[in-house]
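Undergrad: Take this structure, written in structure tokens, and hold onto it; I'll ask about it next.
The values are calculated or read from the model by the stated rules, or taken from the named source; none is laboratory data. What you see is a predicted model; the values in this text were computed from it and never measured. Note that each Cβ is placed from the backbone with ideal geometry, even for glycine, and that neighbours are counted across all protein chains shown.
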Amino acid sequence: METALTNELPDYPRGITFEQVWAALMEDRKNIAEQANIMAEQAKNRAKFDAEWEEAKKEMRELSRQMGGLHNSFGEMAEHMVAPGIEDKFNEIGFNFDSVATKGMKITGADKKIKAQIDIVMENGEYIVAVEVKTKVAIKDIDYAIRQLEVLREYKPNDNRKILGAIAGVVFNENEKRAAIEAGFYILVQSGDTMKMEIPDSFVPREW
């Protein structure tokens, strides 16, 4: 009977003392504690990162709001530079407008949504000239102005007057000037504290 009990006992490694087993347990405990500390530190860092990220997003939203306001200010400044003398610039080349809307025109559809928003509109018995005003003119602004004029033409289907376009910019680089002229737009550029018209002698405006 005793022999059978002896054969069922686990085959422990021989020569290991209690002190060695205890030391191994303490080492495991130490490793577990270190891992717990690492995880706690990671959690702390994560919480700090999340807080900093939320603060960064808040600052970005505020910056975006400020930039939007600044962009609007620049836009208003550009319009104020263009509007006072723009009628004279066109009268110098043969136009005589009897109506100048420096506050622009909004065109809304049946759904009450804005379809086009033109910055300055000048009119007489023969022509309507729609002016797009930009702080810095980009190629996409030329495409945008074309769409605005297309909407304006659709908005006035029974108006037999010719619709022309103009683009005015505080910053108007040569590539954009050339593209605007080729698209049939009059262009006005900053000159000191006012604007001047820059079109070649061969320029033929596009009619919408």
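Undergrad: Identify the residue in segment 172-202 that is assigned to a loop (DSSP other than H, G, I, E, B) and of a type in the set (Gly, Ala, Ser) and, among all such residues, is modelled with the lowest pLDDT.
TA: GLY192
Undergrad: For residues in segment 127-163 being part of a loop (DSSP other than H, G, I, E, B) and under 28 Å from the mean Cα position of the chain (by Cα), which is nearest to SER99 (Cα to Cα)?
TA: Checking each candidate, the answer is VAL137.
Undergrad: Can I ask one more? Can you report the number of residues in segment 104-126 which are closer than 25 Å to GLU176 by Cα and either surrounded by 15 or more Cβ atoms within 10 Å (Cβ to Cβ) or more than 20 Å from the chain's Cα centre (by Cα) (or both)?
TA: The initial filter retains those residues of segment 104-126 that are closer than 25 Å to GLU176 by Cα, namely 104-105, 115-122.
Subsequent filtering for residues that are either surrounded by 15 or more Cβ atoms within 10 Å (Cβ to Cβ) or more than 20 Å from the chain's Cα centre (by Cα) (or both) retains 104-105, 115-116, 118-122.
Total meeting the criteria: 9.
Undergrad: Shifting gears a bit: Which residues, counting only those in segment 86-103, are surrounded by 11 or more Cβ atoms within 10 Å (Cβ to Cβ) and either modelled with pLDDT under 80 or of a type in the set (A, V, I, L, M, F, W, C) (or both)?
TA: Listed by number, the residues that qualify are ILE86, PHE90, PHE95, PHE97, VAL100, ALA101.
Undergrad: Still on this structure, I have one more. Among the residues of segment 179-193, how many are within 15 Å of ALA145 (Cβ to Cβ) and surrounded by fewer than 21 Cβ atoms within 10 Å (Cβ to Cβ)?
TA: Number of matching residues: 5.
Undergrad: Would you point out which residue out of LYS134, LYS196 is surrounded by 17 or more Cβ atoms within 10 Å (Cβ to Cβ), touching a residue at least 40 places away in the same chain (Cβ under 8 Å) and among the charged types (D, E, K, R)?
TA: LYS134
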